[in-house]
1. So for B:Glu214, B:Glu305, B:Glu244, what's the accessible-area order with a 1.4 Å probe, most first?
2. Between helix B:6-20 and chain B, what is the angle of the helix's C-alpha long axis to the longest principal axis, kept within 0 to 90° and rounded to the nearest 10?
3. Set the Förster radius R0 to 51 Å, insert the Cβ-Cβ distance between A:Val278 and B:His139 as r into 1/(1 + (r/R0)^6), and round the FRET efficiency to 0.05.
4. At a 10 angstrom cut-off on C-beta neighbours, averaged per residue, how do the peptides B:258-265, B:123-130, B:58-65, A:181-188 rank from highest to lowest?
5. In whole Å and largest first, what semi-axes does the C-alpha gyration tensor of region A:223-319 yield when each eigenvalue is scaled by 5 and square-rooted?
6. Which FRET efficiency value, to the nearest 0.05, do you get for B:Asp202 and B:Gln178 by plugging their Cβ-Cβ distance into 1/(1 + (r/R0)^6) with R0 = 30 Å?
7. Mind checking the angle between helix B:244-253 and chain B's longest principal axis? C-alpha axes, 0 to 90 degrees, to the nearest 10.
8. Could you give each residue of region A:163-177 its phi-based ³J(HN,Hα) in whole Hz, using Karplus coefficients 6.51, -1.76, 1.60 with θ = phi - 60°, and x for Gly or Pro?
Amino acid sequence: MEKEAYLDLYYQMVLIRRVEEVASQLYQQGKIGGFLHLYIGQEAVSTGLISARKPQDRVITAYRDHGVAINCGIPAKEVLAELLGKATGVSKGKGGSMHMADVSKNFWGGHAVVGAHLPIASGLALGDLYQGNDTVTICMFGDGASNIGYFHEALNLSKVWNLPVLWVCENNQYGMGTAVERASAVSEIRQKALGYDIPNSRVDGMDLIAVREAALDTIQKIRQGEGPYLVEAVTYRYRGHSMGDPERYRKAEEVKKWEENDPIGIYMRFLIAHKIAVESELDEIEARVETEVEEAVQFAESSPEPAPQALFEHVYVEG
Amino acid sequence: MARITMREAISQALWEEMETDPNVFILGEEVGVWGGTYAVTKGFYDHFGPERVRDTPISEAAIVGAAIGAALTGLRPVAELMTINFAFSAMDHIVNEAAKFHYMFGGQFVLPLVIRTVGGGGRQLGATHSQTPDAVFAHFPGLKVVAPGTPADAKGLLKSAIRSNDPILFIEHATLYQARDEVPEEEYTTPIGKAAVHRPGDDVTIVTYSKMLEISTKAADKLAQEGIQAEIIDLRSLRPLDMEPALNSFKKTNRAVIVEEGWRSYGVGSEVAARLYEEAFDYIDAPIRRVAQKEVPLPYNRTLEQMALPQVEDVIKAVKEVLHG
């Protein structure tokens, strides 16, 4: 990777973090409705993963999707506008926090029913296989999704049909408030891939470089026709499941321990230790992000509400 | 015109669309090597090959989910669910995903998707394999629901469905596959969301669809012998629901009976009756009657099963009630 590319990944992680912090404030101000699931703490997973894709590769994820949207190239202002329900939002204000997508960026959502997007990911990969496309579908999901039937149906189908799909489990330790050990028969989610004869690995999801390398390697294998692969990225969400989570299921010390292992800090030390960047360059990026997010909030707040006729638009393509 | 069965008509529609458009493919349980549980896709596997006639595991959520994904890539999948009773295992993907995507992502997602499935009772398959839950699926905006009652409509509607860019649930009736009728030999399609006058008459309006079109027609034949001319409206599509032919007919006859195979409560008849009351209140000469399945899980025993299902006599009785009070 060129220096610029390394710095861009730093920029992306800092941008996600800042967008999420601002979203949290906007939520507390009552400007964002519904649920708000923040990606803070997990930035390295999506950033490392998506840095390894080619433009034709598809990305599909669950409801914790703001960071993934940004990594796919959706401008922060369109993410924030969607959170504010504005017409300029990435889903025109009709999707909200959990339903962001941009087909032009090959980002296929933003899916809010746990695990339901896994069979759809199989279908995206089937479509590419059918059409002979040189494309890999990257499907992200949480540890909680590995307990629902959709996960098992989708993994089985992907193996039976040798589909070009990379399954990425973001194991952030909790399905809502239930710890992995309390919900899953196996604590390493990757073990579930064994039952479907799908090759798998486990990676430190707080380490961008580790995630990126795992992704580059597995995406290449899948592209060569080796069939599906499952990567489990071990990570942690610092904030509650959604806003207003009393977090009775974990201790503050546990959160603190993980925060000391912050993905942005790890990557920053990596860049400096490998003399890819000096601190002042990273400070500049942070300043740039600060300005960009300020402008994005301004854009979102000043954007128009959807027009009343939007209510009945897009129920059907025809009639 | 050729006289062919419903099975042949559906099979022809699939075959012709697959021949015309390489993006059309079939996936489902036993659609390939077996030739289709109801033999609709017999011969397809050998002709079109395993890539286009894909046998799936018994995984309804994966079948519909994969069809949704493939449709998003621009293909035109025809997913087959062996029976509508198994559609409940894919309910989430039908109503929470397929029906929502175009709207929820601001018009970006387009799903040229057909889900073919088979409903209906009358074959002694017991409560879990005999349901007619069409109204359940018709409840959801974003999904289109089509249920043909004749071979000609089945062929024309299925061809329209495959060419449509919206997700469509195409409900066939298990006891209509052998029904034989005239089907045009030239190329044609039948519009989705358009009801039709199936049989003209001046005395009473019968609104129905699918298998109950057959029952209602038999009833109308008997009523005709008594000098009662029933006009039969075939809904053909449950969503979008085209009320125009039913309203026009009702404004002429001022009396209506709605016949459906599903349960009465919250059913197709409830919807149609409400629309007639709302939109043609001034034309009503008698309370509208609904003929529907008895409110029980369908029993196995043949006599009990037939007691629960709407019969020709039930339709005749309801018609006489609206005519004579």
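The values are calculated or read from the model by the stated rules, or taken from the named source; none is laboratory data. As the structure is a computational prediction, the values presented were derived from the model and not from experiment. All Cβ positions, glycine included, derive from the backbone under ideal geometry; neighbour counts span all protein chains shown. Surface accessibility is based on the protein's heavy atoms, side chains included, excluding ligands, DNA and RNA. Shrake-Rupley method; radii C 1.70, N 1.55, O 1.52, S 1.80 Å.
1. On the way: B:Glu214 55, B:Glu305 0, B:Glu244 120 Å².
Most to least solvent-accessible, the answer reads B:Glu244, B:Glu214, B:Glu305.
2. On a 0 to 90 degree scale, this one is about 40.
3. Values: r = 61 Å, r/R0 = 1.20.
It comes to 0.25.
4. On the way: B:258-265: 23.4, B:123-130: 16.0, B:58-65: 26.2, A:181-188: 13.5.
Ranking the peptides B:258-265, B:123-130, B:58-65, A:181-188 by packing returns B:58-65, B:258-265, B:123-130, A:181-188.
5. Values: eigenvalues 248, 122, 101 Å².
They are 35, 25, 23 Å, listed largest first.
6. Details: r = 32 Å, r/R0 = 1.08.
Rounded to the nearest 0.05, the efficiency is 0.40.
7. Approximately 10 degrees, to the nearest ten.
8. Whole-Hz 3J(HN,Hα) from phi for region A:163-177: 7, x, 10, 9, 7, 10, 8, 8, 7, 9, 5, 9, x, 6, x.
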